[in-house]
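Let me begin by presenting the structure, written as structure tokens, before commenting on it.
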Amino acid sequence: MNDQLPRSTPEAQGISSAAILAFVQTIEQQIDALHSFMLLRHGQVVAEGWWSPYAANEPHMLFSLSKSFTSTAIGLAVAEGRLAVTDRVLLFFPDEAPAEVSDNLAAMRVHDLLAMATGHTEDTTSYLRQDPDGNWAKAFLARPVDREPGTHFVYNSGATYMLSAILQKIMGMTLVDYLRPRLFDPLGIDYATWDSCPRGINVGGWGLWITTDSIARFGQLYLQQGQWQGQQLVPADWVAAASTKQVSNGSEPASDWAQGYGYQFWRCRHNAYRGDGAFGQYCIVMPEQDAVLAITSGLKDMQAPLNVIWEHLLPALGDQPLPADAAAHTLLLQKLATVMLPPVRGASSSPLAAQVSGQWYHFADAAQAGSVQGLPQIAALTLTFADDGAYFTLRDSFGEQTIRCGYDEWVPGSMTVDQRGPIPVAVSGAWVAEETFVLRYYFSQTPFCNTTTLQFAGDQVTYQARLNVSFGPTEFPQLVGRAA
């Protein structure tokens with residue numbers, strides 16, 4: 001970071017260290033699992049923690065929290081006079097329009113893209129990603145628009161992609177390049193990458209990678225009505241429009257997904273609002289409490305941490321400073337300095353270790369190996385034991401790669417699991433039974449964790465993988481490999 005956010009004790013900003021500690025303990029008891037959080041009060045960081053193997057200097061995959069940054073870019077372009085929210089979407093894509101344009105498609109505005117009120121009755125994203133020509137804008141415009149735009153909320157990441165495509169059309173640069181001098185650099189965010197579609201357009205609705213600190217800065221910017229260190233980075237009227245209910249999205253009073261939707265921000269209970277992303281990435285702005293909470297996670301139930309925040313943290317945000325409490329603050333700091341996601345618990349050795357160490361097991365049926373959806377096809381594996389841990393080697397569709405599993409600790413490494421190339425992992429492993437070795441690896445810049453169970457019997461090994469969270473299945477079929 002170019003500069004540090006100011007720090008303060010919680011008590012000086014009207015919240016007790018004991019209350020924050022209780023919040024953290026409740027999170028650990030009830031939520032699986034937070035990766036990081038930063039709490040800002042009155043512009044000061046009062047508490048922050050990263051659950052090892054996650055770290056403060058590492059970016060995290062944001063998924064749909066990216067949308068709020070895309071909205072901000074549109075707001076900046078509007079302020080520069082490059083477009084208006086009343087502009088018709090087809091204005092920007094004359095070459096991608098279908099041969100027959102329906103009245104509803106013709107009526108769709110930039111406002112409707114921002115508010116997730118395009119008139120579609122389903123998310124268009126899968127159709128975009130499946131387009132054989134990689135022309136996502138054309139694929140979006142080809143989908144039926146069954147309802148009048150502006151009247152019906154449907155969460156639609158394809159709509160956010162179109163905002164990014166519009167921005168690139170009018171500015172001649174990608175979304176991330178546009179935001180860098182206008183938002184990221186002034187905020188002190190010196191690392192930001194964004195995934196792109198086959199035609200080189202940042203995907204907009206997901207794909208941004210930044211640190212927890214960067215999320216916190218973005219939230220604080222919105223809390224300050226777009227001002228940062230004396231500069232009006234984002235127009236205050238855009239902040240107001242983006243964070244105000246633009247369309248109804250439900251009527252359930254206990255749900256933070258039914259309080260209204262703004263311009264790529266969700267309204268929350270307690271007059272708060274947020275950007276959020278799959279599996280628990282949050283930028284929560286609480287104007288009445290003058291507070292911001294940035295969170296990264298890997299969890300299934302995204303309502304659960306919000307419930308804990310409203311029940312335990314929100315009531316502790318008082319109006320006046322509290323007396324200093326050095327003892328409670330020390331306990332909080334000690335806790336936050338040592339938070340860790342649990343490594344695999346078990347033994348470092350087994351009577352079978354010598355027999356299986358270095359033995360290659362082959363998966364002869366490629367179709368069987370390919371049945372593990374979302375994971376590389378496995379050709380062979382071996383597990384080798386040494387004093388400093390177990391070395392797990394895979395031969396898969398990305399070649400041969402080895403990771404070291406720490407005993408009762410997380411050991412950093414890297415793996416290739418898709419076309420992006422090597423990404424960081426942190427690995428632990430142990431024998432959980434005489435014949436069963438379990439290794440767990442967090443892809444430590446993402447929400448994802450893979451737990452792999454190897455069960456040895458005679459000349460074969462049974463391999464089973466399980467993901468903590470996924471857009472598809474999390475439990476996969478067992479694969480059987482045989483010794484060479």
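Bear in mind these aren't lab numbers, they're just calculated from the coordinates by the rules spelled out. Just so you know, these numbers come straight off a predicted model, no measurement behind them. Every residue, glycine as well, gets a Cβ built from its backbone with ideal geometry; the counts of neighbours run over all protein chains shown.
As a rough footprinting exposure proxy, the listed residues LEU306, LEU21 were ranked by other beta carbons within 10 Å of their own, and the order from fewest upward is LEU21, LEU306. Bridges between two residues of the chain, per DSSP, are antiparallel at a rate of about 95%. Annotation: amide H-H contacts under 5 Å for SER414 (H modelled 1.01 Å from N, sequence separation of 5 or more, or interchain): VAL425.
The listed peptides 260-271, 459-470, ordered by packing as a protection proxy, come out as 260-271, 459-470 (highest mean of other Cβ atoms within 10 Å first). Here the range 420-451 is scanned for amide nitrogen atoms under 18 Å from the site 7 Å beyond the Cα of SER349 along Cα-to-Cβ, giving 429-438. Please compute the net charge surrounding TRP266, taking Lys and Arg as +1 and Asp and Glu as -1 over other residues with Cβ under 12 Å from its Cβ. Combined, the nearby Lys, Arg, Asp and Glu give +3. Along its principal axes, the range 353-483 has C-alpha extents of 36, 34, 24 angstrom, given from the largest down. Using Cα centres only, tell me the gap between the range 105-169 and the range 1-32 in whole Å. Cα centres, the range 105-169 to the range 1-32: 39 Å. Note on the range 353-483: with charges restricted to the Cβ of Lys and Arg (+1) and Asp and Glu (-1), its dipole about the Cα centre is near 300 debye. Can you find, among GLN419, LEU383, TYR463, the residue farthest towards the positive end of the dipole of the range 353-483? Put +1 on the C-beta of Lys and Arg, -1 on that of Asp and Glu. So the residue we want is GLN419. Taking only Cα atoms, what is the 0 to 90° angle, nearest 10, from helix 66-79's long axis to the longest principal axis of the chain? Value to nearest ten degrees: 30.
Sorting 414-420, 399-405, 437-443, 382-388 by their mean Cβ neighbour count within 10 Å, with the most densely packed peptide first, gives 437-443, 399-405, 382-388, 414-420.
Relative to the globular-protein estimate of 2.2 N^0.38 Å, the Cα radius of gyration of the chain stands at 1.05.
Starting from the Cα-Cα distance between GLN25 and ARG88, subtract it from 0.36 nm times their residue separation and give me the gain in nm to one decimal.
17.7 nm
Each residue of the range 194-210 was assigned a 3J(HN,Hα) from its phi angle through the Karplus expression (A = 6.51, B = -1.76, C = 1.60, θ = phi - 60°), giving 9, 5, 10, 7, x, 9, x, 9, 4, 5, x, x, 7, x, 8, 10, 8 Hz with x at Gly and Pro.
Please list, in order, the residues from the range 181-224 whose amide nitrogen is less than 15 Å from a point placed 7 Å along the Cα→Cβ vector of LYS169. In the range 181-224, the label zone of LYS169 (backbone N under 15 Å from the point 7 Å along Cα→Cβ) covers 201-202.
Ordered by the number of other Cβ atoms lying within 10 Å of each residue's own Cβ, fewest first, LEU454, LEU299 fall into the sequence LEU299, LEU454. Summarising the label geometry, the points placed 7 Å from Cα in the beta-carbon direction at ASP387 and ALA433 lie 3.2 nm from one another.
Scalar couplings 3J(HN,Hα) for the range 280-288, obtained by applying the Karplus form with A = 6.51, B = -1.76, C = 1.60 to θ = phi - 60°, are x, 10, 9, 10, 9, 10, 10, x, 5 Hz; x denotes Gly and Pro. When only Cα pairs below 8 angstrom with a gap of at least 6 residues are kept, the range 353-483 shows a relative contact order of 17 percent. Per-residue ellipticity at 222 nm from helix content only, as computed over the chain with -39500 (n - 2.57) for each DSSP H run of at least four residues, stands at -6500 deg cm²/dmol.
Take the Cα radius of gyration of the range 87-222 and divide it by 2.2 N^0.38 Å, N being the number of residues; the result is 1.09.
For THR451, THR70, THR160, THR124, the sequence from fewest to most other C-beta atoms within 10 Å is THR451, THR124, THR160, THR70.
Between ALA107 and HIS42, the contour length at 0.36 nm per residue exceeds the alpha carbon distance by 19.1 nm. Residues whose amide H falls under 5 Å from that of ASP87, counting only those 5 or more places apart or on a different chain, are VAL110, HIS111, with hydrogens built in the peptide plane. Local charge for ILE27 was computed over the other residues whose Cβ lies under 14 Å away, with Lys and Arg +1 and Asp and Glu -1, and equals -4.
Which residues' amide hydrogens lie under 5 Å from the amide hydrogen of ALA278, considering only partners 5 or more residues apart or on another chain, with H built in the peptide plane? Placed amide hydrogens put SER64, LEU65 under 5 Å from ALA278. For GLU122 and LEU5, a Förster radius of 45 Å and the Cβ-Cβ distance give a FRET efficiency of 0.65, rounded to the nearest 0.05. With R₀ fixed at 30 Å, the C-beta to C-beta distance from GLN359 to ARG420 puts the FRET efficiency at about 0.45. Maximal additional length on extending the LYS300-ALA254 stretch stands at 14.8 nm, based on 0.36 nm per residue less the C-alpha distance. Against the main long axis of the alpha-carbon atoms of the chain, helix 212-223 sits at an angle near 20°. Judged by the gyration tensor of its Cα atoms, with axes a ≥ b ≥ c, the range 139-290 is oblate; a/c meets the 1.5 cut and b/c is at least as large as a/b. Report, in degrees rounded to the nearest 10, the 0 to 90 angle that the Cα long axis of helix 326-338 makes with the longest principal axis of the chain. Helix 326-338 sits roughly 60 degrees off the main axis of the chain.
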